[in-house]
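Have a look at the structure below before the remarks.
The values are calculated or read from the model by the stated rules, or taken from the named source; none is laboratory data. This one's a predicted model, so the numbers in the text were calculated from it and none came from an experiment. Virtual Cβ from ideal backbone geometry, glycine too; neighbours counted across all protein chains shown.
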Amino acid sequence: MKKIGLLLIVIARSIGLVLPWAKLNFDENVVSEVSFPEFHKTGKAEQTVLLTKADNPLRIRFVARYKVGGLLPPVKIPLQVKLSDRDGTLIGAIISFPTNGIDTGTEQPKTRSGTHLLATVQHDGLHKLEIEFAPNKNNNGIEKPDVDVITASFVANAAPVENQYQIPALILGLLGFYLLIRSRRSGKSKAKSQPHKWGR
(Lines give C-alpha, C1' and ligand atoms only; values in the text may rest on other atoms or scores of the structure.)
Protein backbone atom coordinates (compact mmCIF):
# COMPACT_ATOMS: atom_id res chain seq x y z
CA MET A 1 0.00 0.00 0.00
CA LYS A 2 2.90 2.33 0.76
CA LYS A 3 4.43 1.76 -2.68
CA ILE A 4 1.09 2.42 -4.35
CA GLY A 5 0.74 5.67 -2.40
CA LEU A 6 4.22 6.84 -3.42
CA LEU A 7 3.52 5.90 -7.04
CA LEU A 8 0.28 7.92 -7.04
CA ILE A 9 2.10 10.95 -5.63
CA VAL A 10 4.75 10.69 -8.36
CA ILE A 11 2.06 10.39 -11.03
CA ALA A 12 0.23 13.39 -9.55
CA ARG A 13 3.39 15.50 -9.75
CA SER A 14 3.88 14.42 -13.36
CA ILE A 15 0.32 15.35 -14.28
CA GLY A 16 0.46 18.67 -12.44
CA LEU A 17 3.92 19.79 -13.57
CA VAL A 18 5.35 17.77 -16.45
CA LEU A 19 2.25 17.58 -18.66
CA PRO A 20 1.50 21.33 -18.60
CA TRP A 21 5.18 22.09 -19.29
CA ALA A 22 5.25 19.64 -22.21
CA LYS A 23 1.98 21.02 -23.58
CA LEU A 24 3.28 24.58 -23.45
CA ASN A 25 6.67 23.85 -24.97
CA PHE A 26 6.10 21.02 -27.45
CA ASP A 27 2.72 21.78 -28.99
CA GLU A 28 3.26 21.17 -32.72
CA ASN A 29 0.34 23.21 -34.10
CA VAL A 30 2.58 26.16 -34.96
CA VAL A 31 1.04 28.29 -37.71
CA SER A 32 3.77 30.92 -37.87
CA GLU A 33 7.16 31.77 -36.42
CA VAL A 34 9.15 34.98 -36.44
CA SER A 35 12.61 35.75 -35.12
CA PHE A 36 14.44 38.91 -34.16
CA PRO A 37 18.09 38.28 -35.08
CA GLU A 38 19.12 41.93 -34.77
CA PHE A 39 17.53 42.40 -31.36
CA HIS A 40 20.85 42.30 -29.50
CA LYS A 41 22.07 45.39 -31.36
CA THR A 42 19.23 47.74 -30.50
CA GLY A 43 17.23 46.09 -27.70
CA LYS A 44 14.10 46.86 -29.69
CA ALA A 45 12.61 45.21 -32.79
CA GLU A 46 9.38 44.42 -34.62
CA GLN A 47 8.09 41.88 -37.13
CA THR A 48 4.85 41.30 -39.02
CA VAL A 49 2.98 38.00 -39.02
CA LEU A 50 -0.14 36.78 -40.84
CA LEU A 51 -2.83 35.56 -38.43
CA THR A 52 -6.45 34.51 -38.89
CA LYS A 53 -9.47 34.09 -36.63
CA ALA A 54 -9.36 30.38 -37.40
CA ASP A 55 -6.21 30.26 -35.26
CA ASN A 56 -8.12 31.19 -32.08
CA PRO A 57 -7.31 30.71 -29.30
CA LEU A 58 -3.72 31.60 -30.09
CA ARG A 59 -0.70 31.05 -27.87
CA ILE A 60 2.50 33.01 -28.45
CA ARG A 61 5.54 31.08 -27.28
CA PHE A 62 8.82 32.97 -26.80
CA VAL A 63 12.33 31.55 -26.77
CA ALA A 64 15.57 33.45 -26.12
CA ARG A 65 19.04 32.32 -27.09
CA TYR A 66 21.78 33.87 -24.99
CA LYS A 67 25.18 34.75 -26.39
CA VAL A 68 28.09 32.48 -25.61
CA GLY A 69 30.09 34.04 -22.81
CA GLY A 70 27.58 36.89 -22.55
CA LEU A 71 26.53 38.96 -19.56
CA LEU A 72 23.10 38.32 -18.08
CA PRO A 73 21.20 39.80 -15.12
CA PRO A 74 21.13 37.45 -12.12
CA VAL A 75 17.42 36.57 -12.01
CA LYS A 76 15.52 37.26 -15.22
CA ILE A 77 15.30 39.30 -18.40
CA PRO A 78 12.01 41.22 -18.68
CA LEU A 79 10.72 41.98 -22.15
CA GLN A 80 7.91 44.31 -23.15
CA VAL A 81 5.71 42.75 -25.84
CA LYS A 82 2.98 44.31 -27.95
CA LEU A 83 0.83 42.60 -30.56
CA SER A 84 -1.38 44.85 -32.67
CA ASP A 85 -3.68 44.63 -35.69
CA ARG A 86 -5.19 47.32 -37.93
CA ASP A 87 -7.47 48.52 -35.11
CA GLY A 88 -4.79 48.81 -32.44
CA THR A 89 -3.22 46.82 -29.61
CA LEU A 90 -4.41 43.27 -28.93
CA ILE A 91 -1.86 42.47 -26.24
CA GLY A 92 0.45 44.64 -24.20
CA ALA A 93 2.42 42.68 -21.62
CA ILE A 94 5.77 42.13 -19.96
CA ILE A 95 7.18 38.63 -20.20
CA SER A 96 10.40 37.29 -18.72
CA PHE A 97 13.18 34.80 -19.46
CA PRO A 98 14.93 33.06 -16.56
CA THR A 99 18.64 33.63 -16.00
CA ASN A 100 18.98 32.46 -12.40
CA GLY A 101 21.94 30.10 -12.13
CA ILE A 102 22.69 30.13 -15.86
CA ASP A 103 26.33 30.20 -16.89
CA THR A 104 26.65 31.19 -20.55
CA GLY A 105 30.15 29.70 -20.61
CA THR A 106 32.32 29.62 -23.71
CA GLU A 107 31.09 26.51 -25.51
CA GLN A 108 27.43 26.50 -26.48
CA PRO A 109 24.67 29.14 -26.39
CA LYS A 110 21.92 28.61 -23.82
CA THR A 111 18.28 28.66 -24.91
CA ARG A 112 15.44 29.45 -22.50
CA SER A 113 11.66 29.63 -22.86
CA GLY A 114 9.90 32.76 -21.68
CA THR A 115 6.41 33.55 -20.47
CA HIS A 116 3.63 32.44 -22.82
CA LEU A 117 0.85 34.78 -23.93
CA LEU A 118 -2.70 34.02 -25.07
CA ALA A 119 -4.36 36.11 -27.76
CA THR A 120 -7.64 36.25 -29.64
CA VAL A 121 -7.37 37.36 -33.27
CA GLN A 122 -10.04 39.92 -34.17
CA HIS A 123 -9.27 40.42 -37.87
CA ASP A 124 -7.66 38.21 -40.49
CA GLY A 125 -4.49 39.73 -41.85
CA LEU A 126 -1.09 41.08 -40.92
CA HIS A 127 -0.30 41.74 -37.27
CA LYS A 128 2.69 43.59 -35.83
CA LEU A 129 4.70 42.06 -33.00
CA GLU A 130 7.00 44.47 -31.14
CA ILE A 131 9.52 43.57 -28.43
CA GLU A 132 11.77 45.71 -26.27
CA PHE A 133 13.83 45.29 -23.12
CA ALA A 134 11.75 46.33 -20.10
CA PRO A 135 13.15 48.10 -17.03
CA ASN A 136 14.72 45.67 -14.56
CA LYS A 137 15.65 46.99 -11.13
CA ASN A 138 17.43 43.71 -10.32
CA ASN A 139 19.68 43.73 -13.37
CA ASN A 140 22.90 44.03 -11.31
CA GLY A 141 24.09 46.83 -13.61
CA ILE A 142 23.50 44.88 -16.84
CA GLU A 143 21.07 47.16 -18.66
CA LYS A 144 21.48 45.42 -22.01
CA PRO A 145 21.65 41.62 -21.57
CA ASP A 146 23.58 39.61 -24.15
CA VAL A 147 20.62 38.04 -25.93
CA ASP A 148 21.51 36.72 -29.36
CA VAL A 149 18.09 35.92 -30.87
CA ILE A 150 14.46 36.08 -29.73
CA THR A 151 11.99 33.74 -31.47
CA ALA A 152 8.20 33.90 -31.25
CA SER A 153 6.07 30.92 -32.28
CA PHE A 154 2.32 31.22 -32.83
CA VAL A 155 0.44 28.08 -31.78
CA ALA A 156 -3.13 27.82 -33.09
CA ASN A 157 -6.15 26.41 -31.22
CA ALA A 158 -4.16 26.42 -27.99
CA ALA A 159 -6.50 26.33 -25.01
CA PRO A 160 -5.12 27.42 -21.62
CA VAL A 161 -3.38 24.56 -19.83
CA GLU A 162 -2.56 26.22 -16.52
CA ASN A 163 -5.50 24.68 -14.64
CA GLN A 164 -6.81 21.76 -16.63
CA TYR A 165 -4.45 19.22 -15.02
CA GLN A 166 -4.69 20.50 -11.45
CA ILE A 167 -7.89 18.70 -10.39
CA PRO A 168 -6.83 15.16 -11.45
CA ALA A 169 -3.34 15.78 -10.05
CA LEU A 170 -4.83 16.94 -6.74
CA ILE A 171 -7.15 13.90 -6.51
CA LEU A 172 -4.32 11.45 -7.19
CA GLY A 173 -2.01 13.27 -4.79
CA LEU A 174 -4.57 13.16 -1.97
CA LEU A 175 -5.29 9.50 -2.63
CA GLY A 176 -1.58 8.69 -2.54
CA PHE A 177 -1.13 10.66 0.69
CA TYR A 178 -4.10 8.83 2.24
CA LEU A 179 -2.60 5.45 1.32
CA LEU A 180 0.74 6.46 2.84
CA ILE A 181 -0.91 7.51 6.12
CA ARG A 182 -3.02 4.35 6.19
CA SER A 183 0.01 2.11 5.61
CA ARG A 184 1.86 3.79 8.49
CA ARG A 185 -1.08 3.37 10.85
CA SER A 186 -1.45 -0.24 9.78
CA GLY A 187 2.24 -0.87 10.47
CA LYS A 188 1.99 0.69 13.95
CA SER A 189 -1.11 -1.32 14.86
CA LYS A 190 0.60 -4.55 13.80
CA ALA A 191 3.62 -3.70 15.92
CA LYS A 192 1.43 -3.10 18.97
CA SER A 193 -0.54 -6.30 18.51
CA GLN A 194 2.55 -8.52 18.44
CA PRO A 195 3.20 -10.19 21.83
CA HIS A 196 6.40 -9.33 23.68
CA LYS A 197 9.08 -11.96 23.78
CA TRP A 198 10.50 -12.37 27.26
CA GLY A 199 13.96 -13.64 27.60
CA ARG A 200 15.40 -15.48 30.57
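Which residues, taken from the range 113-154, are over 25 Å from Leu51 (Cβ atoms) and basic (Lys, Arg)?
Hits for the range 113-154 are Lys137, Lys144.
Exactly one condition in (1) in contact with an Asp or Glu (Cβ under 8 Å, 6 or more places away or on another chain); (2) under 18 Å from Asn139 (Cα atoms); (3) among the basic types (Lys, Arg) is not met by Lys76; state its number.
Checking Lys76 against (1) in contact with an Asp or Glu (Cβ under 8 Å, 6 or more places away or on another chain); (2) under 18 Å from Asn139 (Cα atoms); (3) among the basic types (Lys, Arg), the one that fails is (1).
Quick check on the range 63-89: of everything there that is of a type in the set (Lys, Arg) and within 23 Å of Ile102 (Cα to Cα), which residue is modelled with the lowest pLDDT? Don't jump to the end; show me each part of the working.
To start, the set of residues in the range 63-89 that are of a type in the set (Lys, Arg) comprises 65, 67, 76, 82, 86.
After this cut, where a residue has to be within 23 Å of Ile102 (Cα to Cα) as well, the list is 65, 67, 76.
Details: Arg65: 92, Lys67: 89, Lys76: 94.
In this case the residue turns out to be Lys67.
Give the residue that is modelled with the lowest pLDDT, with candidates limited to residues of the range 105-124 that are surrounded by 14 or more Cβ atoms within 10 Å (Cβ to Cβ) and of a type in the set (Val, Ile, Thr). Please lay out each step first, then the result.
In the first step, residues of the range 105-124 are kept if they are surrounded by 14 or more Cβ atoms within 10 Å (Cβ to Cβ); the result is 109-110, 112-119, 121-122.
Of the ones still in play, those that are also of a type in the set (Val, Ile, Thr) are 115, 121.
Working: Thr115: 88, Val121: 95.
The selected residue is Thr115.
The rows are residues; the columns are (1) modelled with pLDDT of 65 or more; (2) under 27 Å from Ala45 (Cβ atoms); (3) out of contact with any strand residue (DSSP E or B) (no Cβ under 6 Å at 6 or more places or on another chain).
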{"position": "Asp103", "(1), (2), (3)": "yes, yes, yes"}
{"position": "Leu126", "(1), (2), (3)": "yes, yes, no"}
{"position": "Phe154", "(1), (2), (3)": "yes, yes, no"}
{"position": "Pro160", "(1), (2), (3)": "no, no, yes"}
{"position": "Pro168", "(1), (2), (3)": "no, no, yes"}
{"position": "Arg184", "(1), (2), (3)": "no, no, yes"}
{"position": "Lys192", "(1), (2), (3)": "no, no, yes"}
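Within the range 51-66, which residues are under 21 Å from Thr115 (Cβ atoms) and in contact with an Asp or Glu (Cβ under 9 Å, 6 or more places away or on another chain)?
Of all residues in the range 51-66, those under 21 Å from Thr115 (Cβ atoms) come to 51, 55-66.
Across the range 51-66, the qualifying residues are Leu51, Arg59, Arg61, Ala64, Arg65, Tyr66.
One residue is enough: does the range 76-88 have a residue meeting the conditions part of a strand (DSSP E or B), without any contact (Cβ under 8 Å) to a residue 12 or more places away in the chain and farther than 18 Å from Arg112 by Cβ?
Residues of the range 76-88 part of a strand (DSSP E or B): 76-85, 88.
Adding the requirement that they be without any contact (Cβ under 8 Å) to a residue 12 or more places away in the chain leaves 88.
After this cut, where a residue has to be farther than 18 Å from Arg112 by Cβ as well, the list is 88.
Scanning the range 76-88, I find at least one residue that is part of a strand (DSSP E or B), without any contact (Cβ under 8 Å) to a residue 12 or more places away in the chain and farther than 18 Å from Arg112 by Cβ, so the answer is yes.
So Lys23 ticks every box in (1) modelled with pLDDT of 85 or more; (2) among the basic types (Lys, Arg); (3) out of contact with any Leu (no Cβ under 9 Å at 6 or more places or on another chain) but one. Which box is left unticked?
Exception for Lys23: condition (1).
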